[in-house]
Amino acid sequence: MARMTGKVGVVLAAILVTAGLSLVWADVATPRPQWTKVRMEAETVNIVLGEKKVAVDATFNMYNEGPTGPVKVGYPLGVFETELHDFAATVDGQAVQNVRTEAGTPASEGPRMRRDDGKGETYRFEGPYKQWKVFDIDMQANAPRIIKVNYWVEPAQIKTAEKADLLHYVYTLRTGATWKGKIGRAVINVTLDGIAPSRLVRVVPVGAVASQEGKVLTWTYQNFKPADNIEVTFRPTETVRTASLSAAPPTR
């Protein structure tokens, strides 16, 4: 795992670390990791974490070291989610019009090639994701592109015997590893919207820098292949717990 810069804020020192949970939202990915010549030079992910809504605004600085041509890009739906609400993408400031939804294959570990027998080689997104938002972008040879994505989801509702009802959110960086080489720089900011730092139960990876009295958590990576997720588990208010979590589906 890449080292995190900075020091852990005091507000995180008492956070309880518990067993991991399996939920994913993710970086943009390519279905052709074995052959792609496109690098992710940098990314900035701004997450506003609330009890009922998690808003994500992400910017990905890409660079094509290969020939001119179209590149397929995908963004996965979380395991427990039914929709990436109001999903929108831009490339160099221009709205992407060809966003489509494709079913995923949950049996494998990540994006990889599949051969379509009798029809030559085709490529598809795979992994522990039941659905992808997919679009194609034109990449010029030896040229950059800036992809921006924004959407919102609901935090997962978790029932536990030990700590009662909790809310949980994961932003996974792992699919960013499908691009060529290492990511030059990544900054992930999580802003707590109406959530007191004292209600945090689990924050990983360790090493986040806390600012604004613990209301903003920041992870910074340099030259890395992502293998870890950003995870935040917190206690809901009594109102949210009573209204929503009583009907929450069981975890898997």
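Quick note: the coordinates plus some simple rules give every number you see, no bench work behind them. Remember, it's a predicted structure, so these values are computed and weren't measured experimentally. Counting neighbours? That spans all protein chains shown, and the Cβs are built from the backbone with ideal geometry, glycine included.
In table form, for the structure just shown:
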read-out	value
Cross-link table K130/K180; K133/K180; K52/K159; K52/K130; K37/K130; K37/K225, entries beyond 19 Å C-alpha to C-alpha	K130/K180; K133/K180; K52/K130; K37/K130
Whole-Hz ³J(HN,Hα) from phi, Karplus 6.51 cos²θ - 1.76 cosθ + 1.60, for the range 196-201, glycine and proline x	5, x, 5, 8, 5, 10
FRET efficiency, Q97 to S198 (Cβ-Cβ, R0 45 Å, nearest 0.05)	0.50
Peptide ranges 212-225, 86-99 listed from the most packed, as the mean C-beta count within 10 angstrom indicates	212-225, 86-99
Theoretical FRET efficiency, 1/(1+(r/R0)^6), r = Cβ-Cβ of D136 and R185, R0 25 Å, to 0.05	0.45
Where only alpha carbons of the range 140-233 are counted, the Rg and the Dmax (Å)	15.9, 55
